[in-house]
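Colleague: This is the structure I have questions about; it appears just below.
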Amino acid sequence: MPERHGAHTVLTGLLDRSALYGVLAEAEALGLDLVDCEVVRVAPSITPSQCRPRDRERQEFDMSDTLDWNARTIAEFRANKGRVGGNFEGAPMVLVHHRGRKSGREYVNPMMYLPHDTEPDIIYVFATRAGAPTNPDWYHNLTAAGEGSVERGTETYKVTVRELTGAERDRIYAEQARRYPGFAEYERQTAGVRTIPVLELTRA
């Protein structure tokens, strides 16, 4: 779990790769310095190889720890009408529901979003995966299905999914990077490897 220590946020347990890039991406986007407890790094330089658990016992503990943190974030969101404190305080947050393409299992991911300038039923989410070279699973699930659902504030509603391209995508991403500089760092990291997808989620 993230804990404040002076000017830094320290991870109190090693996280598996998907959890690191999924659950903590938005924390990094707020410009926080994350220090990995096994290999001290500034957050944007973390790679999967730097986050391997040293043994099975540690791995099992860390996975449980991560799931607990994720569950608490979701619980806090739901108990406070869509607001989350701590590292996420003041950030626009949404819970995105999506189903696994193969498993059919429903997943819920807390993430930051960018609201549309004039349309309250449209928001944008960003498949940064904290600057990793591959897209997150939730991106593949949402684009494959073309739909999902979100919890936003006190509402839960279905959404349609559209991936932005070209100048439209670049404009929306640039605005998010302007508001949260961590997103600019993610784009720098993925330059020449992948273009970070931007998804438009519209109330169905």
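Colleague: Could you let me know the centre-to-centre spacing of the stretch 71-108 and the stretch 138-197, using Cα atoms, in angstrom?
Modeller: 16
Colleague: Sticking with this one: Taking 0.36 nm per residue of sequence separation and subtracting the Cα-Cα distance, how much length would be gained by fully extending the chain between Ala184 and Asp117, in nm to one decimal?
Modeller: Working it through step by step, the gained length comes to 22.1 nm.
Colleague: Between Ile74 and Ala191, what length in nm is gained on full extension when 0.36 nm per residue of separation is reduced by their alpha carbon distance?
Modeller: Length gained, Ile74 through Ala191: 38.9 nm.
Coordinate-derived values only; no laboratory data. Since the structure is predicted, the reported quantities are computational estimates derived from the model, not experimental observations.
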